[in-house]
Each structure stands twice: as C-alpha cells, then as structure tokens.
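The values are calculated or read from the model by the stated rules, or taken from the named source; none is laboratory data. This one's a predicted model, so the numbers in the text were calculated from it and none came from an experiment. Note: ideal-geometry Cβ built from the backbone for every residue, glycine included; neighbour counts use all protein chains shown. Ligands, DNA and RNA are excluded from the accessible area calculation, which covers all protein heavy atoms including side chains. Shrake-Rupley method; radii C 1.70, N 1.55, O 1.52, S 1.80 Å.
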Amino acid sequence: MDLTLVVLAAGMGSRYGGNKQLDGIGPHGEIIMDYSIHDAINAGFTKVVFIIRTDLKDAFDEHYKNRFNGKIKMEYAFQNEYTEHTAPYEADRKKPWGTTHAILAAKHLINEPFVVINADDYYGQESFGEVVTAMKNLKENEYLIMGYSLVNTLSDHGTVNRGVCQVKEDMTLTGIKETLAISKDGDDITYEENGVKHSLAPDTYVSMNFLGFPASALPHFEEKFVDFVKENHTNPKSECFIPAEMDNLMNEGKATVKVVPTSASWLGVTYQEDKPFVVSGISKMIADGKYPEEIK
C-alpha cells in the first residue's frame with residue numbers, strides 16, 4: 001500500500017534553545033528524523049512530507065541532498081504559508097496555530113493513508129513495523145494512536161506535554177487530554193492544573209504525536225480547525241492540537257480511535273540537557289548493529 005509519513009518539523013524549539021530539528025545526534029551529522037525515515041523506508045513507507053517553515057528550506061535541502069536518494073519520495077509543505085482560514089488574523093499572530101494547522105498545510109500533498117510524527121522524537125524501529133501492520137487494517141473513519149507508556153517519555157530536565165489516553169479493554173480510545181507540564185516528582189509523576197497537583201500512573205498510555213489516518217480524515221480536521229479559529233482567534237497563544245480534535249471527532253461519532261501499544265523505546269530532545277542521553281542511545285544502537293554507522 002502507498003503510505004505517507006508526515007513529519008512535523010516547523011516548531012520553534014523554544015525550550016530547547018535552538019533549531020532542534022536539524023541538530024546532529026549521529027556520528028555523521030544525522031538528525032533524529034533521519035533514523036525515523038530510515039525505519040519508515042524499511043517498514044514500507046513510500047513518501048515523506050516535511051512540514052517546515054520557509055526559512056528552514058535551504059537547510060533541509062542541504063541536509064538531504066545526499067541522503068535517501070531514490071529510496072523514498074520527499075516533499076515539503078510550509079506551515080507559515082498556509083493561511084487559508086487564518087488570513088484575517090495573521091497580523092496579530094506570532095505563535096503557530098498548532099499541529100492540526102500543520103497537517104492541513106500539507107493536505108494538497110496527501111492522497112493516501114498517512115502517519116504523523118514529530119521531527120524531534122525517536123520512536124523506535126519496532127514501532128514503524130507495528131504502525132504499518134495496523135494501517136493495513138484501518139477502516140474508514142478509524143484513526144490510530146501509537147501508545148507509549150508515560151514513564152518512558154519523560155525528561156529529567158523539565159516538564160513535558162503529553163496526550164493522555166483513556167482506553168477500553170479492546171484498546172478503543174474513550175478520551176484523550178492534552179496534559180501540560182508533566183514532570184517527575186520524586187517517585188511520582190505529576191502535572192498541575194488550576195493550581196492543583198494531580199498524579200498519573202507510570203503505565204498510562206500517552207500519545208507522542210505518532211498517529212495514523214486515512215486520507216478522508218483531512219476534511220474532518222479542516223472543519224474542526226475552522227471552528228477553532230472562529231472561537232480562538234483573539235487568543236494569540238491558542239493552538240489547535242491534533243489529539244484534541246481527534247477526541248472531538250470521536251465524541252461526535254465521526255471517528256473511532258484505536259490505541260496501538262508499541263514495544264519500542266522512545267527518545268526525545270525537549271531540552272538541551274536531553275541531547276547527550278539521545279546521542280548515547282543512538283550510539284549504543286549503532287554498536288549493537290541496529291543501525292548502520294551512517295544513515296544515507
């Protein structure tokens with residue numbers, strides 16, 4: 001089956017302190033998404049769409065001019081140029097409109113089932129094979145979330161935001177909440193909401209924005225984004241998150257969402273202090289023969 005990998009790479013990296021999408025972590029300047037693309041190619045993906053800002057285009061061209069040639073089709077979509085529903089409000093807007101807006105910026109390039117990932121998360125080799133198997137069984141109006149255990153997705157150097165999933169025994173999603181400022185608190189995992197601390201179980205399934213959709217999902221997301229802009233355009237910090245809109249569509253009976261547990265390990269760089277841990281993890285996998293010395 002034709003399958004597109006959509007890579008969210010337009011973020012500003014404010015907590016990281018730089019352009020983390022293109023910060024090398026491999027022995028030959030490989031960046032995190034190079035390992036994701038390598039795994040996606042091996043799993044059978046046929047195209048990758050990078051969602052970036054226009055100011056990143058030259059840097060991406062330089063990085064990929066000699067990588068993955070002939071192995072997978074590569075295309076760009078520019079989130080900062082997609083103003084179809086936001087044009088009247090752009091003058092007062094500095095912050096991006098969120099991940100739902102990002103995938104809509106690529107809607108003209110997506111005509112097949114697609115999987116969304118973050119550029120700055122390492123999702124693990126096994127997860128790409130698992131998501132392809134699940135996508136082959138995807139029904140119309142059925143979406144997928146790759147489910148990671150919360151304890152395996154935290155940073156030792158600050159808080160993280162996660163889509164916390166509630167699931168039934170058959171792994172059908174019943175709810176998802178974009179939960180902000182999750183942190184380790186001694187032996188506990190907590191987040192704060194309205195000044196009150198709440199605990200989360202270590203094995204709670206969370207979304208790492210590793211999501212699968214049929215192409216028919218895009219009009220639903222566009223409808224939701226239009227509603228979001230109407231309701232939130234006066235708030236310059238508001239963002240339209242994909243997991244939140246999946247939850248809305250599910251509650252309206254327009255979609256069913258399956259959580260696919262993954263056995264893969266996760267690595268990510270939210271803060272500069274996370275980078276040595278990621279570099280060490282990748283180095284070990286190279287030494288163990290899971291990746292070649294150079295990704296090309």
Q: State whether one or more residues within region 228-237 are closer than 30 Å to Ile31 by Cα, outside any strand (DSSP E or B) and modelled with pLDDT of 95 or more.
A: no
(Q) Between Ile189, Ile176, which is closer than 25 Å to Thr256 by Cα, among the aliphatic types (A, V, I, L, M) and part of a strand (DSSP E or B)? (A) Ile176
(Q) Checking the structure you have, find out if any residue of region 130-145 is part of a strand (DSSP E or B), within 19 Å of the chain's Cα centre (by Cα) and hydrophobic (A, V, I, L, M, F, W, C). (A) yes
Q) Which one of these is more than 16 Å from Ala10 (Cα to Cα) and either in contact with a helix residue (DSSP H, G or I) (Cβ under 6 Å, 6 or more places away or on another chain) or in a helix (DSSP H, G or I) (or both): Glu62, Glu75, Glu84? A) Glu62
Q. Which numbered condition trips up Asn80, out of (1) without any contact (Cβ under 8 Å) to a residue 24 or more places away in the chain; (2) open to solvent by 30 Å² or more (accessible area, probe 1.4 Å)?
A. (1)
**Q.** Residue tally, condition within 21 Å of Gly147 (Cα to Cα), open to solvent by 60 Å² or more (accessible area, probe 1.4 Å) and either touching a helix residue (DSSP H, G or I) at 6+ places or on another chain (Cβ under 9 Å) or among the basic types (Lys, Arg) (or both), over region 182-218
**A.** 4
Q.
Here is a check on your reading of the model: is Glu178 without any contact (Cβ under 8 Å) to a residue 24 or more places away in the chain and open to solvent by 30 Å² or more (accessible area, probe 1.4 Å)?
A. no
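Could you tell me which residue of region 36-50 is surrounded by the most Cβ atoms within 10 Å (Cβ to Cβ), considering only residues that are among the hydrophobic types (A, V, I, L, M, F, W, C) and in a helix (DSSP H, G or I)?
Once the filter is applied, the top-ranked residue is Ala40.
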